[in-house]
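The values are calculated or read from the model by the stated rules, or taken from the named source; none is laboratory data. Everything quoted here is computed from the prediction, not taken from an experiment. No Cβ is skipped: glycine too gets one built from the backbone with ideal geometry, and neighbour counts run over all protein chains shown.
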Amino acid sequence: MKIEQIMVGYMQVFCYLVYDENTGEAVLIDPAGNEDDLLELLSKKNLKLVYIVNTHGHADHTCGNDYLRKATGAGVVMHTRDNIFFQKPENVMFAGAMGFTPAGPADISVNDGDELSFGSAKMKFIHTPGHTPGSCCILIDGNLFTGDTLFVGAVGRTDLPGGSFEQLIESLQNLVKTLPPDTIVWPGHDYGNRPRSTLKIEAETNPYIADYMQ
């Protein structure tokens, strides 16, 4: 399995191309910007996009969904709660006001513990509410794609509609308690001093985990 970390869009989201070299099946996690470049990359590597996966429903992470879905036929995957929450008229309007094309509903709604396969790899969805009601971390072979739940040295904001600081702290604690410490953390933005981390490093140095662990 290969992972490519790609910065996209004007809000500099980390998009991830994850693919099986043997089968050529791939997923794109949060492909929200530079969609034509992403399509060119898929073509250059001769990859078949199976899923478009969102860590959460904010428009800076979902605005590429419809374009890529139409271009590739890949299904969009999102947690059930965010799939419902971000189709509410007020949230659609907010996305437009931020300059994004609001994304339509997902094709596949997932819940905590659900799994989807591509090639020989398997994605496990871990519900981590706090940044949004349906925020998810996606675990693939020891790699955790955390979206805006967990950054390197920081966390996503909780002051937007649907956010909860208490839920976010609980979600982070659950990750640290249930996953191996060497799990690699791939964040949704490059807000830290390096582009990736591990749960062990974050548990020891990230104040939103270290200062709240019980």
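Here are some notes:
- Enumeration of residues in region 32-56 that are on the phi < 0 side of the Ramachandran plot, buried (at least 16 other Cβ atoms within 10 Å of the Cβ) and either charged (D, E, K, R) or at pLDDT below 95 (or both): ALA32, GLU35, LYS48
- Residue count for region 131-163 satisfying the condition of being among the polar types (S, T, N, Q) and part of a loop (DSSP other than H, G, I, E, B): 4.
- Any chance ALA106 is closer than 30 Å to ASN174 by Cα, touching a Phe, Trp or Tyr at 6+ places or on another chain (Cβ under 7 Å) and either touching a residue at least 40 places away in the same chain (Cβ under 8 Å) or outside any helix (DSSP H, G or I) (or both): no
- Any hit, region 120-140, residues being under 28 Å from LEU179 (Cβ atoms), touching a helix residue (DSSP H, G or I) at 6+ places or on another chain (Cβ under 8 Å) and exposed (fewer than 15 other Cβ atoms within 10 Å of the Cβ): no
- Contact map, region 58-80: first residue under 20 Å from PHE118 (Cβ atoms), second residue of a type in the set (S, T, N, Q) and part of a helix (DSSP H, G or I), Cβ cut-off under 6 Å, separation 6 or more or different chains; pairs are VAL76/ASN65.
- Matching residues in region 81-98 - criterion: being surrounded by 16 or more Cβ atoms within 10 Å (Cβ to Cβ) and part of a loop (DSSP other than H, G, I, E, B): PHE86
- Restricting region 1-14 to residues that are in contact with a Gly (Cβ under 8 Å, 6 or more places away or on another chain) and over 18 Å from GLY99 (Cβ atoms), the residue that is surrounded by the most Cβ atoms within 10 Å (Cβ to Cβ): PHE14
- LEU172, sole failed condition from (1) without any contact (Cβ under 8 Å) to a residue 12 or more places away in the chain; (2) in a helix (DSSP H, G or I): (1)
- Residue list for region 194-214, filter: in a helix (DSSP H, G or I) and touching a Ser or Thr at 6+ places or on another chain (Cβ under 7 Å): LEU199
- Among the numbered conditions (1) under 28 Å from LYS122 (Cβ atoms); (2) part of a loop (DSSP other than H, G, I, E, B), the only one that MET78 does not meet is (2).
- The numbered conditions (1) closer than 23 Å to PHE118 by Cβ; (2) without any contact (Cβ under 8 Å) to a residue 60 or more places away in the chain; (3) not hydroxyl-bearing (Ser, Thr, Tyr) are all true for PRO89 except (1).
- Residue identified as in contact with a Gly (Cβ under 7 Å, 6 or more places away or on another chain) and surrounded by 23 or more Cβ atoms within 10 Å (Cβ to Cβ) among LEU150, LEU168: LEU168
- Residues being charged (D, E, K, R), more than 18 Å from GLY57 (Cβ to Cβ) and either surrounded by 18 or more Cβ atoms within 10 Å (Cβ to Cβ) or in contact with a Gly (Cβ under 6 Å, 6 or more places away or on another chain) (or both) - total across region 99-119: 0
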